[in-house]
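Take a look at the structure set out below.
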Amino acid sequence: MGAMLRYVTIPVTPFAQNCSLVWCDATREAAVIDPGGDLDDVLAEAERRGLDLRQIWLTHAHIDHAGGAGELAERLGLPIIGPHPGDQFWIDGLPQQSRMFGFAPARAFTPTRWLHDGDTVSVGRCTLQVRHCPGHTPGHVVFHAPEAKRAFVGDVLFAGSIGRTDFPQGDYEQLVASITQRLWPMGDDTVFIPGHGPESTFGHERRTNPFVGGT
């Protein structure tokens with residue numbers, strides 16, 4: 001048996017954003033996806049599971065997803081990986097976003113590594129594929145683990161809904177194209193972990209989602 005990817009989801013911030021710890025079960029090396037806040041809760045869960053936190057992965061740079069990234073990176077000396085350079089202006093605006101939404105002060109940062117469509121990220125012996133899925137934000141990326149049949153999709157797609165496109169540089173047509181051209185080919189039986197709310201499968205959403213069902 002090869003290494004298996006495991007994950008646990010921890011809702012953080014007043015927006016109940018799904019922060020995920022993902023790890024390789026063979027090495028216990030872990031990454032945290034979208035540490036928007038409540039860092040002590042996230043770190044306590046990592047410690048409880050005996051995980052060796054190595055990286056921060058970001059789907060996009062809205063405050064509830066990226067608000068804790070700069071602080072966590074500094075506290076633990078971790079690289080910040082992602083999102084796509086299209087979200088630079090959202091990262092630059094994190095301090096303003098935190099004030100606007102009443103969050104703890106968030107710091108801007110420069111990612112250690114920007115991500116682009118077709119890139120890969122690895123934790124331990126597990127590798128995930130990166131897809132650029134703009135529309136909710138211009139630099140939004142999705143992390144896909146084909147062997148585990150899991151995808152961490154941030155705010156691109158939800159159970160029964162899709163991401164908002166009324167923020168600066170949001171684009172509804174672009175979002176629908178990202179879902180139908182980049183998510184659906186990952187397979188109907190792939191379970192996705194959205195940025196908010198319960199998990200679902202691409203197949204279920206393809207059949208029933210009022211925004212992109214039948215596509």
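Coordinate-derived values only; no laboratory data. Everything quoted here is computed from the prediction, not taken from an experiment. In this analysis, Cβ positions are derived from the backbone assuming ideal geometry, glycine residues included, and neighbour counts consider all displayed protein chains.
Charges at C-beta only: +1 for Lys and Arg, -1 for Asp and Glu. How large is the resulting dipole of region 5-208 about its Cα centre, in Debye rounded to 20?
280 debye
Can you compute the modelled spin-label distance between D188 and M4, with each label point 7 Å from Cα toward Cβ, in nm?
2.6 nm
Please give the contour-minus-distance gain from E173 to R107: 0.36 nm per residue of separation, less the Cα-Cα distance, rounded to one decimal in nm.
Length gained between E173 and R107: 20.6 nm.
Select from Q96, L76, Q129 the residue farthest towards the positive end of the dipole of region 74-132; place +1 on Cβ of Lys and Arg, -1 on Cβ of Asp and Glu, and compute about the Cα centre.
So the residue furthest toward the plus end is L76.
DSSP loop (so not H, G, I, E, B), at most 16 other Cβ within 10 Å: list which trypsin sites (Lys or Arg not before Pro) in region 160-215 pass both filters.
Those that pass, being in a loop and sparsely packed, are R164.
Quick check: pseudo-label points 7 Å beyond the Cα along Cα→Cβ at S122 and E147, how many nm apart are they?
Computed distance between label sites S122 and E147 equals 1.2 nm.
Arrange the following residues from fewest to most other Cβ atoms within 10 Å of their Cβ: W23, W114.
W114, W23
Residue by residue, what Karplus-based ³J(HN,Hα) values in Hz, rounded to whole numbers, does region 87-99 have, using 6.51, -1.76 and 1.60 with θ = phi - 60° and x for Gly and Pro?
Each residue's phi maps through the Karplus curve to give 9, 3, 5, 6, 5, 4, x, 4, x, 5, 4, 5, 5 Hz.
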